[in-house]
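Note sheet for the following structure.
Values in this text are rule-based calculations from the coordinates and carry no lab data. Please read all numbers here as calculations on a predicted model, not as lab measurements. For neighbour counting, all protein chains shown are included, and Cβ atoms are generated from backbone atoms with ideal geometry for every residue, glycine included.
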Number of protein chains: 2
Amino acid sequence: MRKSKGEITRDYIIKTTRKILVAQGFHHTSINDIINATGVKKGNLYYYFAGKEDLSFSVLQDAKEEFFSFLEQSFQGDNPIDKIIHSCEAIFQEQQKQHFVGGCLFGNVALEMSDCNERFAAVIHEVFTTWTEKFARFLEEAAENTSLVSRVPPIQLAKTLVAVIEGGIMMARVSKSKADLEDCLSTLKIMLGR
Amino acid sequence: MRKSKGEITRDYIIKTTRKILVAQGFHHTSINDIINATGVKKGNLYYYFAGKEDLSFSVLQDAKEEFFSFLEQSFQGDNPIDKIIHSCEAIFQEQQKQHFVGGCLFGNVALEMSDCNERFAAVIHEVFTTWTEKFARFLEEAAENTSLVSRVPPIQLAKTLVAVIEGGIMMARVSKSKADLEDCLSTLKIMLGR
């Protein structure tokens, strides 16, 4: 079904605001920044969104849906372990494409907002939990008797993989060097018996 | 040597501002917030610090020195691997003490400031690099033929451990549950052959 003009405008505002939030964070972004970047009139913006919090929440929801699609597409390979590794590689490539600037929107919001905004924290929690569960399902399927996979409970190992990715993105963002993510990825592969 | 009155005031401003920066981040903290929290007059504040950026940089430097001391004290145990594990446990206990609120100042600043402030990024980079090197030195010393320690180059494994800790703190901050850090710690121990 074709999108209505209203839906197109709403989407455009969401995608443009996302770029600003990734670059500046929530607190450092004003409604005027969003108006300037989108070129949408203030009245029009408030027609679609109740305010900055509401718009940012929509950005987060939209990014979450996009990330879940990205994850599904990233699970490529002949066996469950290869699927996880390919997925981690795809995430790291995205970071490299953006030259380690901006990092992970969910990680950023996690650190900026999760102490002070329960709605935002709930979305990030859903992202981390779903991501962990997807990895854990593959780890359960993995019949291979590789060291860590056979010795660490799937959910626990999956959580650690997500922590390595988020921590690795953080380190790469500081160093602006691909070495940090490459090192983390190499260790992940060995953890998964590759 | 006893500190002068000026040094005591300067220290007090730094420690108090740190609490605000941990809670609110850099961009969301105003000079007025700092004046209100410290009770120090504006003129007095500007006597010690050129402005918010200068004061925040001093907070970061001070936190870095404190963290390096904390790390040294945390390396307890009979052998290098035990020292690393004890250190990770000590970091996680600090997070639990603060009920997973605030997270890691360095991680927070890494995500908020490293794209836009090179001076801040340089301090965080020093924290991550020094921390990694300290872990790597113990991994080199570890003569044990435990799976990951013998198969992953020390610097690479050390970097992954730091990533797990930072990522784990991020996840715990979102879930406000100790399970995330406990799971990461359990995996770390198995990674280190325990």
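Counts of other chain beta carbons within 10 angstrom of each beta carbon in peptide A:171-181 average 6. Relative to the Cα centre, the charge distribution of the stretch B:1-130, modelled as +1 at Lys and Arg Cβ and -1 at Asp and Glu Cβ, gives a dipole magnitude of about 740 debye. The A:Thr129 and A:His86 beta-carbon pair, evaluated with R₀ = 30 Å, returns a calculated FRET efficiency of approximately 0.90. On a 0 to 90° scale, report how tilted helix B:118-141 is relative to the longest principal axis of chain B, with both axes built from alpha carbons and the result rounded to the nearest 10. With rounding to tens, the tilt is 30 degrees.
Please state the relative contact order of the stretch A:58-191 as a whole percent: Cα pairs under 8 Å, 6+ residues apart?
Taking the mean separation of contacting Cα pairs over the length of the stretch A:58-191, I get 27 percent.
Express in whole angstrom the spacing between the alpha-carbon centres of the stretch A:115-130 and the stretch A:10-62. First find each Cα centre; the distance between them is then 19 Å.
Compactness ratio of the stretch B:59-191: Cα Rg over 2.2 N^0.38 Å, N = residue count?
Working: Rg = 14.6 Å, N = 133, 2.2 N^0.38 = 14.1 Å.
Output field value: 1.04.
Taking a Cβ cut-off of under 12 Å around B:Met191, the surrounding Lys, Arg, Asp and Glu residues balance to a net charge of +4, with basic ones at +1 and acidic ones at -1. Taking the charge dipole of the stretch B:59-191 about its Cα centre, with +1 at Lys and Arg Cβ atoms and -1 at Asp and Glu Cβ atoms, the residue from B:Ile85, B:Cys184, B:Met113 reaching farthest to the positive side is B:Cys184. Counting only Cβ charges, +1 for Lys and Arg and -1 for Asp and Glu, the dipole size of the protein assembly as shown around its Cα centre is about 1120 debye.
Highest mobility in the GNM of chain A, judged by mean-square fluctuation with C-alpha springs under 10 Å and restricted to A:Asp180, A:Asp78, A:Asp11, is found for A:Asp78. Helix A:5-24 and the longest principal axis of the C-alpha atoms of chain A enclose an angle of approximately 60°. Placing pseudo-labels 7 Å out from each Cα toward the beta carbon at B:Asn32 and B:Cys116 gives an inter-label distance of 2.0 nm.
Per the helix-only calculation at 222 nm, which mean residue ellipticity applies to chain A, given -39500 (n - 2.57) for every DSSP H run of n ≥ 4 and division by its residues, nearest 500 deg cm²/dmol? Each step should come with its number before you reach the end.
On the way: 10 runs with 150 residues, N = 194.
Helix-only estimate at 222 nm: -25500 deg cm²/dmol.
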